[in-house]
1. For a quick check of your reading of the model, give me the residue pairs whose first member lies in the range B:406-417 and is farther than 16 Å from B:Met254 by Cα, whose second is among the acidic types (Asp, Glu), with beta-carbon atoms closer than 8 Å and at least 6 apart or on different chains.
2. On the basis of being at the interface with another protein chain (Cβ under 9 Å from one of its Cβ atoms), at negative phi and of a type outside the set (Lys, Arg), does A:Pro239 make the cut?
3. Name the one entry in B:Lys195, B:Lys256, B:Lys235 that is among the basic types (Lys, Arg) and part of a loop (DSSP other than H, G, I, E, B).
4. Of the residues A:Ser52, A:Ser35, A:Ser57, only one is more than 30 Å from A:Leu176 (Cα to Cα) and free of Cβ contacts under 8 Å to residues at least 12 places away in the same chain; which?
5. In the range B:266-312, which residues are crowded, with 23+ Cβ neighbours inside 10 Å, of a type in the set (Asp, Glu) and over 24 Å from B:Arg246 (Cα atoms)?
6. List every residue pair whose Cβ atoms lie under 7 Å apart, where the two residues are 6 or more positions apart in sequence or sit on different chains, the first residue falls within the range B:200-216 and is within 22 Å of A:Ala145 (Cα to Cα) and more than 9 Å from chain A (Cβ to nearest Cβ), and the second residue, located anywhere, is among the aromatic types (Phe, Trp, Tyr) and crowded, with 20+ Cβ neighbours inside 10 Å.
7. If only one of A:Gly194, A:Gly238 is assigned to a loop (DSSP other than H, G, I, E, B), buried (at least 22 other Cβ atoms within 10 Å of the Cβ) and small (Gly, Ala, Ser), which one is it?
8. How many residues, within the range B:259-317, are within 20 Å of B:Gln379 (Cβ to Cβ), hydroxyl-bearing (Ser, Thr, Tyr) and part of a loop (DSSP other than H, G, I, E, B)?
Amino acid sequence: MKTRSTWLGYLLVGPSVLLLAVLLFIPLLYSLQISLQDTDLSHGAPKWIGLSGYVDSWKSGELWKVGKHSIVWTVCVAFFQVVVGLAAALMLNRKFPLRWLVRVLVLLPWVLPGVIAALTWRLVYDSQFGFLNSLIAKLGFGQHATDWLGTPGLAMFSVVLAAIWKGYPFAMLMLLAALQSVPQDQYEAARIDGADGWRQFVHITLPSISGVLKTVVLLVSIWTFNYFEMIYVLTGGGPIRSTHIAPTYIYELSFGHFNFGEASRVSVVSFLFIFLISLVLIRQMHKNERNGGA
Amino acid sequence: MRKIGQAALVSCMTAALLAGCGSSGGKDAADSGSASPSGGTGKKQTLVVWTLQQADTNIQEAQENAAKSFEDQYNAEVQITAFPYDQLKSKLLPAVAGGEGPDVLLLDQVWIAQYAAAKYIVPLDDYLAKSEVKADDYFDGAWGAGSYQDKAYAVPFDVGVWGVLYYNKDMFKAAGLDPEKPPVTWDEFLAYGEKLTKNGKYGASNWAGSSESVQCLIDAFTVAAGGKLLDDSGKKILINEEPGVRALQFWSDMSKISPPGSVGKNEEDAMTLFTSGQTAMTMYGEWGQDTIKTRAPNMNYGVGNLPKPEGGQSIGTFGGFNLAINANSSHKELAWDFIQYSTNYENQKKITMLTPANKKAAKEYLDEKRQYPDVIYQQLTTATYRPNVANYPAIADLQLQATQKVMTGDKSPKDALQEAADKINELLNK
């Protein structure tokens, strides 16, 4: 009886293990292998160069530049998505007329297809006919034609803003669900003890939703790090490579320059980076669960 | 009941997996079938051709129809598959690098050096020597773009030129300019542009967004100013010499007559500004006539040659596609026959998306389909081509960054081009 169920177990796990191996581990090892080769097409077949490719990529400075952009991008976008999402969730958790309608409308950016959202933002940022410039003019700050996506100093800010707008409803949705599960009697007890709104938030709301909050931070960080289409559509990494993050740079190297070796090196580095973030955050989550259990 | 459910689930999943394997196995079989040498007599050879689907015309159908008589003549079966540009670009190289892919490749001119350097395509000189195909029958620049290190690798199929000058005749009249006389020199172009820049309208619009068209134009202006892009060894870029600096300076001077913000724009944005009447002139490929026809059918416009530097020549840069033979093909002779067939005068008129690369066919095509056919034909005849080096994409990217640095006021043309040239030379001598 035992053997039979063991076999059944293997049989059931088998397909997913196979799928994981074929779709995940083999490609992963393969790109690791390619990352140790010089695949520049100017000399035909790839050459084995070992780790020196990594040293060269690092020395050329491009990797560091893209790394910096990736970090700025991920931290800013993820942080503000969660903060704005939390603020929105707190507001939408209160009772007011037509709340259901507002909740639906707030979700709109998130349900919009990514490329369409990005194309819409292109129109917003247009220097000639863009909504943003005309809004600034209408608010009385004067006529001007700022090229939001074409000015190296502004482009990163512009794509970050668009990405926050696109992604915050997810954080809002998750946190709203968490907020609704916070027992109301704790607030009542706190009020009787004389706690004001801020104290209630810090001592009741935050601890109660911290598990969900950490999960949201983890997910949003990883998604943001790998968020491709917003930057690809808005700036394509430009101007002067001032908005290239890891995914867009990898895309340009592999499908623009057909330099799969260099592209794999960047992928491996960014894989390690994400792996580390996930490790830290997942540990945090486990700690949280244990504390919660105790 | 639950057991049965599990069993059903497992069998479903295994079936799905098997189906996955099965279909990919089938594809392999088909590919190797096409690549295997043709068997006994009377058995049809299969020729696989990958081509490009562009614009709205159903080019695949036209090409399949044209292939019918080829099939009869050579007792072969021709399988034509048309891909959109991005797909062709990202699928073709991995396929060919993996030893598969079609027998006949349609390559963007700027890919040819890459494929040739990697030995994915075969030199055609031997085939050319014993055939009727003559370089003189095709546009010079298109033929030149098909060669790499003094060997011919790809026969021109169709071409386009970056670009010609479009101008709005009504806006010319309103500004007191002769609507039948478009500006000829750079100085005239800028002077006309200043007259046309008023009341919120602009003379033209330059751009420097992430697209290659701006590089095509600046390459063209460099050659027009008497410069060269590469030296003869192909190991040294020459864009940092005086003609290149002048060319980039001209493009940057255009900012005076352009709406602000060139780096956020590309050629399509510039065309939109033109068709919506915001700018009076724009530079675009000759196929821009189709765009104007759809977007601004009532526009009273004219077409002139690209402005030239004082004392120079009006020169554009070629774009377009050439046909080559896969080095792994086992039907190279048949593939060559097909290339000859597709690039001869008779067939060129029917099966190209852009202007035919065969000069005689191009003349008829332009007369029939375009306004100002002579202007376009002239621009095609003198057009230059982009550097045919293996890592062209990386080089074009460095050129673009230099242009963007100038357009944002970050660097002077001379400094930006010097910096780019240093990096490019490093790449060329890797």
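1. Taking only residues 6 or more apart or on different chains, the pairs are B:Lys411/B:Glu419; B:Ala416/B:Asp410.
2. Working: at the interface with another protein chain (Cβ under 9 Å from one of its Cβ atoms): yes; at negative phi: yes; of a type outside the set (Lys, Arg): yes.
In short, yes.
3. Details: B:Lys195 fails: part of a loop (DSSP other than H, G, I, E, B); B:Lys256 fails: part of a loop (DSSP other than H, G, I, E, B).
Result of the check over B:Lys195, B:Lys256, B:Lys235: B:Lys235.
4. Details: A:Ser35 fails: free of Cβ contacts under 8 Å to residues at least 12 places away in the same chain; A:Ser57 fails: free of Cβ contacts under 8 Å to residues at least 12 places away in the same chain.
Answer to the check: A:Ser52.
5. B:Glu286
6. Taking only residues 6 or more apart or on different chains, the pairs are B:Gly203/B:Tyr192; B:Asn206/B:Trp251; B:Val214/B:Trp207.
7. Details: A:Gly194 fails: buried (at least 22 other Cβ atoms within 10 Å of the Cβ).
Exactly one of A:Gly194, A:Gly238 is assigned to a loop (DSSP other than H, G, I, E, B), buried (at least 22 other Cβ atoms within 10 Å of the Cβ) and small (Gly, Ala, Ser), namely A:Gly238.
8. The qualifying residues number 1.
The values are calculated or read from the model by the stated rules, or taken from the named source; none is laboratory data. Please read all numbers here as calculations on a predicted model, not as lab measurements. Backbone-built Cβ (ideal geometry, glycine too); neighbour counts: all protein chains shown.
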